[in-house]
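Structure, as C-alpha cells:
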Amino acid sequence: MLDYPSLAAVAAVVREGSFEKAAALLKITPSAVSQRVRGFEERLGIALVVRGQPCTATEQGRELCAHFDKVRLLEADLPMSFANGIQDSSSPSLSIAVNADSLATWFPYAMADFARTTGMLVELTLEDEGHTADRLRTGEVLAVVTSDPEPVAGCRTIAVGSLSYVACASPDFVARYFPTGIDGDSLNIAPVMRFNRKDQLQGRWAKAAFGTDLNAPTHWIPSTQGFLDLACAGLGWGLQPKTLAKPHINAATLVELVPGDTMDVPLFWTVSRLHAQALQAMTDAVKNVARQHLQPVPM
C-alpha cells in the first residue's frame, strides 16, 4: 500500500510549485511537507521531486502524481461516509489538455456544462491539437482534445467533429501584398502568422490551395485572440477559426484569401478508461456541445 498522505504532499508540491504553497494547501507546516516528501522518497529509494523554482516532478514522480489524481477522482464517487484521508483539503480537479482554438470557440460550453452537472473543478493544459495526446501518454492529464486519431493505451477515442478554418487577412494587407491576386509566389513574400513552431495549418493550407511549400516571413502569435486582432490590424495573414472570423468578414475588417474555401481539422476526444463518474460526465458534455458547434467528421 502506498503512503497516501505522503503522496498527497508530493502531488501538492508538484502542483503548487513549492513546499510553502503545498503546506498552505494541505494546512500543515512546510517542515511537515518536507518530511513527508523526503521520507517517502527514502522509503521508495527514488527521487520524486526536483527542488527548484518551481519544484517539478521526476519521471517517477509524474507517474505517482498521475496515479494520485486517478485515486482522487475515484474517491470523489464514494459517499462522504467512506472518506479515508486520501484526499488533501482541495477539491479534486479533472486535468485536460486542449488546443487554444477549441478553448476560444466551443470547449468552454462543455466545461461549463460539466461544472454545472458535477460541481467539480477543471485544470487545463494548453497544447497544439496535434500534440495534446502526448500529455495523455505521459500521464499529465486524463483527457484531451486532439487531432491525432491514434489510440492511446488505456484510453478510448471518440470523433467529435471538425473545426473549420478560413485563410484571412485585412483588406489593406491584401491590397499591399496581393495586388494582382494570390499565388504560390506571392504567398511566400507576404508575412504569415503562426501560433507556434508546432502550428502547421498555414503551410497545409498553402499546399492544398496553391501547391506551394510555404516559406514566408513569419510572425509568431501564441494567442487565438491576438491572432485574430493582429490579422484585423494588418500584421499578416493566417488561418482563423471560421466562427471567430465570420463577424469580421461580415464587417469587412477581414477578407478571405480564397472566398468560400475552408480547411476542416477533425478533432477527437481521447479519455482515460478509468471508471470515474467525472470522466463520463465530461465526455457526455463534450459530445453534446460538439454536436452543436462543430462540423460532422466525414466518414
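Points to keep in mind about this one:
- Candidates are the residues of region 1-17 that are surrounded by fewer than 18 Cβ atoms within 10 Å (Cβ to Cβ) and not hydrophobic (A, V, I, L, M, F, W, C); the one that is nearest to ALA57 (Cα to Cα) is GLY17.
- Region 232-243 residues that are basic (Lys, Arg), paired with ones that are surrounded by fewer than 21 Cβ atoms within 10 Å (Cβ to Cβ) and part of a strand (DSSP E or B) (beta carbon under 9 Å, 6 or more apart): LYS242/SER164
- Annotation note: Cβ proximity below 7 Å between a residue of region 276-289 that is in contact (Cβ under 8 Å) with a residue 40 or more places away in the chain and a residue that is part of a loop (DSSP other than H, G, I, E, B) and open to solvent by less than 20 Å² (accessible area, probe 1.4 Å) (sequence gap 6+ or interchain) occurs for LEU279/LEU142; VAL289/TRP106.
- Any pair with Cβ under 8 angstrom, 6 or more apart, that starts in region 60-77 at a residue that is closer than 13 Å to ALA11 by Cβ and open to solvent by less than 30 Å² (accessible area, probe 1.4 Å) and ends at one that is assigned to a helix (DSSP H, G or I) and basic (Lys, Arg): CYS65/ARG15
- Some residue of region 222-242 being in contact with an Asp or Glu (Cβ under 7 Å, 6 or more places away or on another chain) and of a type in the set (S, T, N, Q): yes
- From the list VAL152, VAL141, the one residue that fits, being crowded, with 21+ Cβ neighbours inside 10 Å and either at pLDDT below 95 or within 30 Å of VAL122 (Cβ to Cβ) (or both), is VAL141.
- Candidates ARG204, ARG197: the one that is under 28 Å from ALA290 (Cα atoms) and modelled with pLDDT under 95 is ARG197.
- Residues (open to solvent by less than 20 Å² (accessible area, probe 1.4 Å) and out of contact with any helix residue (DSSP H, G or I) (no Cβ under 9 Å at 6 or more places or on another chain)) located in region 203-225: TRP205
- Residue count, region 33-46 (criterion: without any contact (Cβ under 8 Å) to a residue 24 or more places away in the chain, surrounded by fewer than 14 Cβ atoms within 10 Å (Cβ to Cβ) and either of a type outside the set (Asp, Glu) or not in a helix (DSSP H, G or I) (or both)): 2
The values are calculated or read from the model by the stated rules, or taken from the named source; none is laboratory data. Just so you know, these numbers come straight off a predicted model, no measurement behind them. No Cβ is skipped: glycine too gets one built from the backbone with ideal geometry, and neighbour counts run over all protein chains shown. In case anyone asks, the SASA skips ligands and DNA or RNA and just uses the protein heavy atoms, side chains included. Shrake-Rupley method; radii C 1.70, N 1.55, O 1.52, S 1.80 Å.
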